[in-house]
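Engineer: First, the structure itself, so that you have it in front of you.
The values are calculated or read from the model by the stated rules, or taken from the named source; none is laboratory data. The shown structure was predicted, so the numbers you read here are calculated from the model rather than taken from an experiment. FYI the Cβ positions are ideal-geometry reconstructions off the backbone, even for glycines, and counts take in every protein chain you see. Just the protein is used for accessible areas: all its heavy atoms, side chains included, with ligands, DNA and RNA removed. Shrake-Rupley method; radii C 1.70, N 1.55, O 1.52, S 1.80 Å.
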Amino acid sequence: MQDAVSFIKNKIGDFLPEIGIILGSGLGSLADEYCGVSVPYSEIPGFKASTVAGHKGQLVFAEICGKKVVMMQGRFHFYEGHSMETVVYPVKVMKLLGVKTLIITNAAGGVNPEFKPSDLMIITDHINFMGTNPLIGKNDENLGVRFPDMSEVYSRNLVNLANDCAKKLGIDVKHGVYMALTGPSYETPAEVRMARTLGADAVGMSTVPEAITAHYCSMNVMGISCICNKAAGVSIVGLSHAEVIEAAEMAKQKFVSLVLEVLKTIK
Ligand code: HPA
């Protein structure tokens, strides 16, 4: 990890990011609009190559709205066959680079029947249904404790801040609980009924490992989901990746405006 940090510091000089953003489906283009230094994952010690089509796989460093930001353009998913260690490695590297606040975004399926495709949901809590945990293994006491408290993974202050920003922009946002499953198959209708019964508002295949790790190493965490479809069985039609991409594309403008307003407002 120290090799990765030294390698990156060599590229960015004295630009030390304070805020990290993991760009999910539909938000990736944010990094294209702000030129800064980009560092491909393939060059960074310990980073693996990203296998999902349409994900660039690089860290982009840029000053946005007066804040020094590092963006992950593409993330590592557990369903790609990566180990949990690989999935959360960039979060630990961001921590070591000095990042204090991590904004995690994703595409998700709406389990709450009130949610429509292209709604944005501020994540208030999560359910880890991946059957594993990114902190399994020897604990690094320099990063955090063995049994970290998870009472408030998503900082209440940041939930309120995101909410205020949305209000200011006139964007209607939902709030809710995100349940992570491994994927890559979408859920069955019975699994979606289970998710709802267990208290989920949205389901997806990412975010939770990164959020657990970031909170464990004392970062402030904000999570925003783009609801791309009604989860299986909530709607009568089946799901397709194309539909997810299309809804993410439709929500892109308000998603980007919200993230920019958050960057402007955040202390
Ligand atoms: N389920 C899981 N992950 C997703 C979905 C879904 O319905 N939509 C987008 N990502």
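Engineer: When you go through Y178, Y186 one by one, which is the residue that is among the aromatic types (F, W, Y), within 29 Å of L135 (Cβ to Cβ) and open to solvent by 10 Å² or more (accessible area, probe 1.4 Å)? Working first, answer last.
Structural biologist: Working: Y178 fails: open to solvent by 10 Å² or more (accessible area, probe 1.4 Å).
Being among the aromatic types (F, W, Y), within 29 Å of L135 (Cβ to Cβ) and open to solvent by 10 Å² or more (accessible area, probe 1.4 Å) holds for just one of Y178, Y186, which is Y186.
Engineer: State yes or no: is E249 touching a residue at least 60 places away in the same chain (Cβ under 8 Å), under 17 Å from S25 (Cβ atoms), away from the ligand (no atom under 14 Å from the Cβ) and not polar (S, T, N, Q)? Spell out how you get there, then give the answer.
Structural biologist: Values: touching a residue at least 60 places away in the same chain (Cβ under 8 Å): yes; under 17 Å from S25 (Cβ atoms): yes; away from the ligand (no atom under 14 Å from the Cβ): no; not polar (S, T, N, Q): yes.
Spelling it out, it is not the case that E249 is touching a residue at least 60 places away in the same chain (Cβ under 8 Å), under 17 Å from S25 (Cβ atoms), away from the ligand (no atom under 14 Å from the Cβ) and not polar (S, T, N, Q).
Engineer: Another question about this same structure. Could you check the stretch 94-114 and list, in sequence order, the residues that are open to solvent by less than 10 Å² (accessible area, probe 1.4 Å) and within 16 Å of the ligand (Cβ to nearest atom)?
Structural biologist: First, the residues of the stretch 94-114 that are open to solvent by less than 10 Å² (accessible area, probe 1.4 Å): 94, 97, 99, 102-106, 108-111.
Correct list: I104, T105, N106, A108, G109, G110, V111.
Engineer: If you don't mind, another one. If you go through the stretch 201-210 one residue at a time, do you hit one that is under 25 Å from S83 (Cα atoms), out of contact with any Ser or Thr (no Cβ under 9 Å at 6 or more places or on another chain), modelled with pLDDT of 95 or more and more than 13 Å from the ligand (Cβ to nearest atom)? Full working, then the answer.
Structural biologist: Residues of the stretch 201-210 under 25 Å from S83 (Cα atoms): 202-210.
From the residues that got through so far, the ones that are out of contact with any Ser or Thr (no Cβ under 9 Å at 6 or more places or on another chain) too are 203, 206, 208, 210.
Of the ones still in play, those that are also modelled with pLDDT of 95 or more are 203, 206, 208, 210.
In the following step, the residues that additionally are more than 13 Å from the ligand (Cβ to nearest atom) were identified as 210.
There is at least one residue in the stretch 201-210 that is under 25 Å from S83 (Cα atoms), out of contact with any Ser or Thr (no Cβ under 9 Å at 6 or more places or on another chain), modelled with pLDDT of 95 or more and more than 13 Å from the ligand (Cβ to nearest atom).
Engineer: When you go through (1) within 16 Å of the ligand (Cβ to nearest atom); (2) over 24 Å from L260 (Cα atoms); (3) of a type in the set (A, V, I, L, M, F, W, C); (4) in a loop (DSSP other than H, G, I, E, B) one by one for L27, which number turns out not to apply?
Structural biologist: Result: L27 fails condition (2) only.
Engineer: Say whether the condition of being crowded, with 17+ Cβ neighbours inside 10 Å and in contact with a Lys or Arg (Cβ under 8 Å, 6 or more places away or on another chain) is met by at least one residue in the stretch 245-263.
Structural biologist: Within the stretch 245-263, one or more residues are crowded, with 17+ Cβ neighbours inside 10 Å and in contact with a Lys or Arg (Cβ under 8 Å, 6 or more places away or on another chain).
Engineer: Further question on the same structure: If you go through the stretch 115-130 one residue at a time, how many are assigned to a loop (DSSP other than H, G, I, E, B) and either open to solvent by less than 40 Å² (accessible area, probe 1.4 Å) or away from the ligand (no atom under 15 Å from the Cβ) (or both)? Please lay out each step first, then the result.
Structural biologist: So in the stretch 115-130, the residues assigned to a loop (DSSP other than H, G, I, E, B) come out as 115-118, 129-130.
In the following step, the residues that additionally are either open to solvent by less than 40 Å² (accessible area, probe 1.4 Å) or away from the ligand (no atom under 15 Å from the Cβ) (or both) were identified as 115, 118, 130.
Total meeting the criteria: 3.
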